[in-house]
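Asks: A single structure is presented below for examination.
The values are calculated or read from the model by the stated rules, or taken from the named source; none is laboratory data. Quick caveat, the model's predicted, so the values are computed rather than measured. Glycine also receives a Cβ, built like all others from the backbone with ideal geometry; neighbour counts cover every protein chain displayed.
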Ligand code: PEP
């Protein structure tokens, strides 16, 4: 079980230090936090592994606004998220760039969380299976790579996938790519236990509810309990 807190564009260095002073990961579950780039240095070395929210495929070069895997490694960062739906929808990320980012991170020794998920329009058009199959096919296979299934309509909306929807998608993804598959999309302390006990759910990628140490801790505890019961 892995629980990752995606802080998106929240928490500068001092808030990051404050969070980590107040947060203790429970035993029995792997926990990582994903602060914004400027807060990675403040996050490293506090007992919780740290993932960046993105990584570029080139070692260095004229790529304004990007950060390389080697730079993250130098900082002591443990991994990176790639292909988050906000990157895909707002910043033109494609299956190809997601694959290149993932490969560069893995080659540098980082862990990688690769995000996949269908939009509401795709689900309503009956395209969920085709979209997930296409997105998962682009994700490299590696022992340090995990996938996060994040239905786009459930991210930041308060609309969590039903257990049936989540389980069906996770089973499909794992049949295509046998690895840990995290669920993401409005995970909260109130729904974490139900989601974490689904057979093909291997943890959570948490946005909004990871910003508060107490609610993130409660989700991590639900994942630890699910792992202990499995
Ligand atoms: C996310 O950002 O990956 C996410 C799942 O956000 P939220 O938990 O806020 O829906």
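Asks: Being part of a loop (DSSP other than H, G, I, E, B) and away from the ligand (no atom under 16 Å from the Cβ) narrows it down to one residue among 18, 65; which is it?
Replies: Working: 18 fails: part of a loop (DSSP other than H, G, I, E, B).
Only one candidate qualifies: 65.
Asks: Tell me the residue from 121, 204, 209 that is touching a helix residue (DSSP H, G or I) at 6+ places or on another chain (Cβ under 8 Å), assigned to a helix (DSSP H, G or I) and at pLDDT 95 or above, please.
Replies: Details: 121 fails: touching a helix residue (DSSP H, G or I) at 6+ places or on another chain (Cβ under 8 Å); 204 fails: assigned to a helix (DSSP H, G or I).
None of the other options fit; the residue is 209.
Asks: If you don't mind, another one. Quick one: what pairs do we get from region 75-89, first residue farther than 16 Å from residue 32 by Cβ and touching a residue at least 24 places away in the same chain (Cβ under 8 Å), second within 12 Å of the ligand (Cβ to nearest atom) and assigned to a helix (DSSP H, G or I), C-beta under 7 Å, 6+ apart or different chains?
Replies: If the second residue must be within 12 Å of the ligand (Cβ to nearest atom) and assigned to a helix (DSSP H, G or I), the pairs left are 85/152.
Asks: Given the options 114, 41, name the one that is free of Cβ contacts under 8 Å to residues at least 40 places away in the same chain, closer than 23 Å to residue 207 by Cβ, touching a helix residue (DSSP H, G or I) at 6+ places or on another chain (Cβ under 8 Å) and crowded, with 19+ Cβ neighbours inside 10 Å.
Replies: 114
Asks: Ok, one more. Out of the residues in region 215-226 that are surrounded by fewer than 20 Cβ atoms within 10 Å (Cβ to Cβ) and touching a helix residue (DSSP H, G or I) at 6+ places or on another chain (Cβ under 8 Å), state the one that is nearest to residue 43 (Cα to Cα).
Replies: Among them, the one singled out is 215.
Asks: Does region 123-138 contain at least one residue that is touching a strand residue (DSSP E or B) at 6+ places or on another chain (Cβ under 6 Å) and within 21 Å of residue 32 (Cβ to Cβ)?
Replies: no
Asks: Here is a further query. Those residues that are surrounded by 15 or more Cβ atoms within 10 Å (Cβ to Cβ), more than 9 Å from the ligand (Cβ to nearest atom) and part of a loop (DSSP other than H, G, I, E, B), I need them from region 145-168; list them, please.
Replies: 151, 161
Asks: Look through 109, 83, 126, 117 and report the one residue that is over 18 Å from the mean Cα position of the chain (by Cα) and on the phi > 0 side of the Ramachandran plot.
Replies: 126
Asks: Output the number of residues of region 169-201 satisfying the condition of being in a helix (DSSP H, G or I) and without any contact (Cβ under 8 Å) to a residue 40 or more places away in the chain.
Replies: Qualifying residue count for the region: 11.
Asks: Sort through 172, 205, 198, 182 and tell me the only one that's more than 15 Å from the ligand (Cβ to nearest atom) and closer than 28 Å to residue 103 by Cα.
Replies: 172
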